[in-house]
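For reference, the structure discussed in these notes is given below.
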Amino acid sequence: MARSSPVPPRSDVSALSKYHSAQVDVPVRLNTNESPFPPPDEWRQEVARLVTSIDWNRYPDREAIALRSAIAARHGVDASSVFVANGSNEVLQTLLLSYAGAGRSVAVFEPTYQLHAHLARISGANVVAGRRSVDHTLSADEIQRVVTQYSPHVTFLCSPNNPTGRVESWDNITLLSDIAPGLVVIDEAYAEFSERSAVELASSPGGNVVVSRTFSKTWSLAGLRLGYLIAPPDVVDMLHTVVLPYHLDAFKQAAGIAALKYVDEMNDRVMRIVAERGRIMSALEGLEIESWPSGANFVLFRPTRVDGHTVWQRLVDRGVLVRDCSSWSGVEHCLRVTIGDEAENTMFIKALKQALEQSE
Ligand SMILES: *Cc1c(COP(=O)(O)O)cnc(C)c1O
């Protein structure tokens, strides 16, 4: 008989469900918004050399000054406005441990990235949710309502929004910045796939806007686990108090600095994905599908005649895995496809056509 531990876990965390994406072993995997392209070969070779030159017996630079300076230079801000961690998820977790927690409230606007609410709950905070409209845009009235009713300590916007693909309107971002009593977190995991960024609002001392970014998507480095925050220096300072000492290892710091030398290669891959996104969008237009504009490396769509989950299963049967969002609130019957390489996208389009035509 399995023994249960002598102390039960916190009741609020034991009530949570695991955050995961169903993994099925199929040839075409378009379900987790990774880049279909590997990072540049030159980067790989440089990293191989770096491994042999690291002082492995020494602790890494605790404040990751060189990496933060390289990121800061890219965004035209000061290194004191940059916080780095193991993926933007750890960035957001550290932010929530610092600014949310028990007795505080965190606002999200659903449907959106589920991890924001999940991490907020783990911090002990109360999560309050506003709603997006049926077309997945967010109304100023709804922003006003949530802020007035709950006075959240932290408010999340995700732009482009996962899973809808929508780029948040500039008016909404500035409205929130004007009226929110606490921090406004803009999760820009997909920023390079769209045109607008809130970074310009994020570094001014005393400001309330912070922007998170990641190397996982546009930089083709999901395996590296590296993300960062652009924020006023006092916020960055606070996060350094809360995060574990030496949380970012020496290898990752060096690999991140090396990656930033390949901006042109990154932009090139982003352009190819954006072009393929256009091709998928046009292919969807000819089918019995409703879809929404996307500023990211994925497209959300809803089969209008066949049930969403059924289409998901039929795609899997044809060797194509997409994200099944069909049971998520606000995106019922929807599926989300990550833009892959040209061949993968062609296989997806072909499989989708067959899945929609299939008779039972
Ligand atoms: C993929 C994704 C991230 C990435 O998190 P990492 O921990 O940096 O890999 C963050 N936010 C959103 C909305 C995402 O979709």
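The values are calculated or read from the model by the stated rules, or taken from the named source; none is laboratory data. What you are looking at is a predicted structure, and each value in this text was computed from that prediction instead of being measured. A quick note on method: Cβ atoms are made from the backbone with ideal geometry, for glycine too, and the neighbour counts reach across all protein chains shown.
Does the range 251-277 hold any residues that are within 23 Å of Ile54 (Cα to Cα) and either surrounded by fewer than 18 Cβ atoms within 10 Å (Cβ to Cβ) or without any contact (Cβ under 8 Å) to a residue 40 or more places away in the chain (or both), and which are they? Outline the logic, then answer.
If we filter the range 251-277 for residues that are within 23 Å of Ile54 (Cα to Cα), which is where we start, we get 251-262.
Within the range 251-277, Phe251, Leu260, Lys261 qualify.
Filtering the range 282-304 down to residues that are assigned to a loop (DSSP other than H, G, I, E, B) and in contact with a helix residue (DSSP H, G or I) (Cβ under 7 Å, 6 or more places away or on another chain), which residue is nearest to Ser220 (Cα to Cα)?
Let us first name the residues in the range 282-304 that are assigned to a loop (DSSP other than H, G, I, E, B), namely 286-288, 292-297, 304.
From what's left, in contact with a helix residue (DSSP H, G or I) (Cβ under 7 Å, 6 or more places away or on another chain): 287-288, 294-297.
Values: Leu287: 31, Glu288: 32, Ser294: 19, Gly295: 17, Ala296: 14, Asn297: 12 Å.
Of everything passing the filter in the range 282-304, Asn297 is nearest to Ser220 (Cα to Cα).
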The lone exception for Ser177 - which of (1) away from the ligand (no atom under 12 Å from the Cβ); (2) farther than 21 Å from Leu95 by Cβ it fails | (2)
Mind counting the residues in the range 19-71 that are part of a loop (DSSP other than H, G, I, E, B), farther than 26 Å from Arg277 by Cβ and aliphatic (A, V, I, L, M)?
-> 2
Would you confirm whether any residue within the range 52-75 is free of Cβ contacts under 8 Å to residues at least 40 places away in the same chain and touching a Gly at 6+ places or on another chain (Cβ under 8 Å)?
-> no
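Filter the range 12-38 down to the residues that are surrounded by fewer than 16 Cβ atoms within 10 Å (Cβ to Cβ), under 19 Å from Val322 (Cβ atoms) and either more than 16 Å from the ligand (Cβ to nearest atom) or among the aliphatic types (A, V, I, L, M) (or both) and list them by number.
Ala22, Val24, Asp25, Val26, Pro27
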Checking Gln313 against (1) assigned by TED's automatic domain parsing to the domain that holds Ala85; (2) over 29 Å from Ile71 (Cβ atoms); (3) not aromatic (Phe, Trp, Tyr), which single condition isn't satisfied?
-> (1)
Taking the range 76-121 and keeping residues in contact (Cβ under 8 Å) with a residue 60 or more places away in the chain, more than 12 Å from the ligand (Cβ to nearest atom), among the hydrophobic types (A, V, I, L, M, F, W, C) and farther than 21 Å from Gly182 by Cα leaves Val77
Could you please give the count of residues in the range 39-53 that are surrounded by fewer than 11 Cβ atoms within 10 Å (Cβ to Cβ) and among the polar types (S, T, N, Q)?
-> 2
So how many residues does the range 249-278 have that are out of contact with any Ser or Thr (no Cβ under 9 Å at 6 or more places or on another chain) and basic (Lys, Arg)?
-> 3
